[in-house]
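To keep things clear, I will list the structure first and then write my remarks on it.
The values are calculated or read from the model by the stated rules, or taken from the named source; none is laboratory data. For clarity, every value in this text was computed on a predicted model and none was experimentally measured. Every residue, glycine as well, gets a Cβ built from its backbone with ideal geometry; the counts of neighbours run over all protein chains shown. Protein only, heavy atoms only, side chains kept; ligands, DNA and RNA dropped before computing areas. Shrake-Rupley method; radii C 1.70, N 1.55, O 1.52, S 1.80 Å.
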Amino acid sequence: MSLILRHRPEAIGITLDRHGWADVEQVLKGVKISMAELEEIVASDEKQRYRFSEDKTRIRANQGHSIPVDLELEEREPPEFLYHGTIGAFLDSIRKQGLQRQSRQYVHLSKDVETAAKVGGRRGKPVVLQVAAGRMYADGRPFYLSENGVWLTGEVPPAYIKMPDHT
Ligand code: HQG
């Protein structure tokens, strides 16, 4: 579902509209599942990655896209600090370039250390970076909060990143 709704809808021969919505009928046909099964996927996803439109004729991912979509997210003032989970191997590069969006539309930040550690842990031993989100915001850098509680922003320059002490 993540592949289809965030990265490669063409894998099942469908397209997303400019706000990231896919037609539910087309998704059901393309993935060969029933509406009940799709509803179960949406309801049970542990990060609430997907949502239906109110009439349930459309579905989209709440964040994480690599294809350009306009989720019509409203700017939000972030807390003073947010966290980014990564791994040691990326630190030299992050120190020089800051956090980059890489293949996604935004840099993803977590509201607490535990969540960030899980994100970093997908790749190896997690390293959690503290991001001075409040200062970034005060400096005019916009932040958005996805419907499933992930903070999104553009690049994070090195000046706003606190590396863990022992690195
Ligand atoms: C790293 C998952 C070198 C960055 C998660 C990360 C999240 C750099 C990787 C969401 C760098 C990008 C996003 C730089 C950033 N040099 N490495 N300058 N800047 N990186 O997957 O944040 O399960 O695109 O640290 O839980 O890991 O998909 O981003 O390791 O919420 O819903 O480049 O994806 O959610 O990786 O994860 P990603 P992410 P879902």
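Annotations for the structure displayed:
- Residue identified as crowded, with 16+ Cβ neighbours inside 10 Å and closer than 23 Å to H7 by Cβ among G120, G98, G134: G120
- Here E114 meets the list (1) in contact with a helix residue (DSSP H, G or I) (Cβ under 8 Å, 6 or more places away or on another chain); (2) open to solvent by 80 Å² or more (accessible area, probe 1.4 Å) almost entirely, failing just condition (1).
- Qualifying position, being within 30 Å of R135 (Cβ to Cβ) and in contact with a His (Cβ under 6 Å, 6 or more places away or on another chain), among L71, L109, L82, L91: L109
- Note on segment 47-78: among residues that are part of a strand (DSSP E or B) and open to solvent by 10 Å² or more (accessible area, probe 1.4 Å), the one that is nearest to R101 (Cα to Cα) is E75.
- Considering only residues in segment 74-89 that are within 19 Å of K118 (Cα to Cα) and of a type outside the set (A, V, I, L, M), the one that is farthest from the ligand (Cβ to nearest atom) turns out to be F81.
- Test: D92 is within 12 Å of the ligand (Cβ to nearest atom) and free of Cβ contacts under 8 Å to residues at least 12 places away in the same chain: yes
- Of all residues in segment 12-37 being more than 16 Å from the ligand (Cβ to nearest atom) and of a type in the set (G, A, S), the one that is surrounded by the fewest Cβ atoms within 10 Å (Cβ to Cβ): A36
- Of the residues making up segment 140-152, one or more are open to solvent by 40 Å² or more (accessible area, probe 1.4 Å), free of Cβ contacts under 8 Å to residues at least 40 places away in the same chain and more than 15 Å from the chain's Cα centre (by Cα).
- Checked against (1) outside any loop (DSSP other than H, G, I, E, B); (2) modelled with pLDDT under 95, I41 passes all but condition (2).
- Residue count for segment 39-57, restricted to those that are without any contact (Cβ under 8 Å) to a residue 40 or more places away in the chain and either under 23 Å from L129 (Cβ atoms) or touching a strand residue (DSSP E or B) at 6+ places or on another chain (Cβ under 6 Å) (or both): 2
- The one condition in (1) more than 7 Å from the ligand (Cβ to nearest atom); (2) surrounded by fewer than 12 Cβ atoms within 10 Å (Cβ to Cβ); (3) within 19 Å of P157 (Cβ to Cβ) that V128 fails to fulfil: (2)
- Any hit, segment 125-143, residues being modelled with pLDDT under 95 and aliphatic (A, V, I, L, M): no
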